[in-house]
Every structure is written in C-alpha cells, then in structure tokens.
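Notes to accompany the following structure.
The values are calculated or read from the model by the stated rules, or taken from the named source; none is laboratory data. If you're wondering where the values come from, they're calculated on a predicted model, not measured in any experiment. Glycine also receives a Cβ, built like all others from the backbone with ideal geometry; neighbour counts cover every protein chain displayed. Surface accessibility is based on the protein's heavy atoms, side chains included, excluding ligands, DNA and RNA. Shrake-Rupley method; radii C 1.70, N 1.55, O 1.52, S 1.80 Å.
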Amino acid sequence: MGKRALITGTLILTLASFVTRILGFIFRIFMSNVMGAEGIGLYQLIFPIYMLAWAACSAGVSLAVSKTVAELTAKHLHQDAIRTLKCSIVLASTISIPISLFLFTFSEQIAVYFVHAPDTAMALKLLGTCLPFMATACCIRGYFQGRQEMAIPATAQVIEQVARMIVIYVFAGMFVPRGLEYACALAMLGLCAGELCSCIFTFIMYKLKKRKLPLRAATIP
C-alpha cells in the first residue's frame, strides 16, 4: 500500500504540475498581450520579492508539517496531526502578518528605493494583503501531503492558476487603460486571487476530511 500510494501521489503531482505549466504558459502569453512588455517587466521586478516573502512565510513550515504529519498518521495519531497543523498555521501567521504589514506600509519606499520603479507600489500593497492566505494554504497542503492525499494539493495548484487567469481576464479592461501602475497591480491582483482561492479550497477540504477521521485525545501539548 505504501508503494502504491507513493506511485499514485507522484503521478497525481506530476499531472498537476504539467497542467499548471500549460496553464502558466497560456497565462503568460495572455498577460504579455494585455499588459505589454513594460507591464511584464514591472511584474518581473516584483516577482523576486514575492518569492522571498513566500520562502520566509511558509516554505520551511510546510515541509516540517508534511514530515511530522506523515509520522503521526502512520501511528494513527490523527488528532496530533491536526494539532500540528494548527500550530503550524499559527507559526506561519506570526511570520507572515508582520511581513504583510511591512510591505503594505512601506510599499512606496520599497518601490522607489529598492525596486527603483515607483509604478510597482500598488502591486506591493496587494502582495502584502495575500501573504497570510498563502502561508495558511501552504500549511494545509503540507498536511495533506503528509497524509498522502496528493489529489488535494494538486487540485489546489490548478485552481490557483485558473483563478489568476479568470481575475486578470475579467478586470483587464478596467485596470490596463489606466497605465502601467494599474497593469502591474492587475498581475498581482490575479496572483492574490489565486492564493486566496487555493486557501479557501484547501480549508474546505480539510474540514470535510476531518469529519471522517477516527479522532482520539491528542498526546502532544
């Protein structure tokens, strides 16, 4: 069963990664047509800040959750696994909220003195609003990966990419005509919408799956 679960999980994640890459390829073509070369250039200036914030908020926590939950699930200590998830969300939120507040408060200064592109200030504000949702979703995905339920993290990846595309398609006519600053903000708005939808989906699946678990009293504080 362990080998079968490993093979099945690998295939599911591989398929999801392939679908996400295809959607991402289509998404980038659409963005370049909507935003133009300058808009894409501004978005690329912000992307390293996004990746740095993601790594600081959730990368290590998610891996730790996955490993710990796998060990606890193997011992049928499901309540301990749930408690581990809750603690990880608190930890990730404790890290992500100050970073969010920092980005939101000092977005103009970062845009001018660090990125050297004042038009990215609005996008940085939007980035600050989505970090807690991103961190929470990463923790819950780590929980499901630890339980070998790979279909849920895989589906969350696809939903995240689709949500980005829909939001940018719907709001392109409203944002892009207002100039580069709004075009760059539109790209970040799509990214934030994807993170929010991923967070909502994984949280709903966690609640549904939790009802089916044979829970006992937790053994860890």
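Take the residues of the stretch 192-221 that are open to solvent by less than 30 Å² (accessible area, probe 1.4 Å) and hydroxyl-bearing (Ser, Thr, Tyr): which is nearest to Phe30 (Cα to Cα)? Of everything passing the filter in the stretch 192-221, Ser198 is nearest to Phe30 (Cα to Cα).
For (1) among the aromatic types (Phe, Trp, Tyr); (2) under 30 Å from Leu180 (Cα atoms); (3) not in a helix (DSSP H, G or I), each residue gets a yes or a no:
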site	(1), (2), (3)
Val61	no, no, no
Val65	no, no, no
Leu72	no, no, no
Cys87	no, no, no
Thr94	no, no, no
Ile97	no, yes, no
Phe102	yes, yes, no
Gln109	no, yes, no
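With respect to the conditions (1) within 24 Å of Thr155 (Cα to Cα); (2) open to solvent by 50 Å² or more (accessible area, probe 1.4 Å), Lys75 lacks only one, and its number is (1).
In the stretch 197-209, the count of residues that are more than 19 Å from Glu149 (Cβ to Cβ) and touching a residue at least 40 places away in the same chain (Cβ under 8 Å) is zero. Tell me whether the stretch 126-149 contains one or more residues that are open to solvent by 30 Å² or more (accessible area, probe 1.4 Å) and free of Cβ contacts under 8 Å to residues at least 12 places away in the same chain. Within the stretch 126-149 (the criterion being open to solvent by 30 Å² or more (accessible area, probe 1.4 Å) and free of Cβ contacts under 8 Å to residues at least 12 places away in the same chain), the answer is no, since none of the residues qualifies.
Residue count for the stretch 80-113, restricted to those that are touching a residue at least 60 places away in the same chain (Cβ under 8 Å) and open to solvent by 40 Å² or more (accessible area, probe 1.4 Å): 1. Pairs are defined by a Cβ separation below 7 Å, a sequence spacing of at least 6 or placement on different chains, a first member in the stretch 53-67 that is in contact (Cβ under 8 Å) with a residue 60 or more places away in the chain and farther than 28 Å from Ile110 by Cα, and a second member that is surrounded by fewer than 18 Cβ atoms within 10 Å (Cβ to Cβ) and not charged (D, E, K, R); no pair meets this definition.
Residue count for the stretch 159-191 satisfying the condition of being of a type outside the set (Phe, Trp, Tyr) and either farther than 30 Å from Thr14 by Cβ or open to solvent by 40 Å² or more (accessible area, probe 1.4 Å) (or both): 19.
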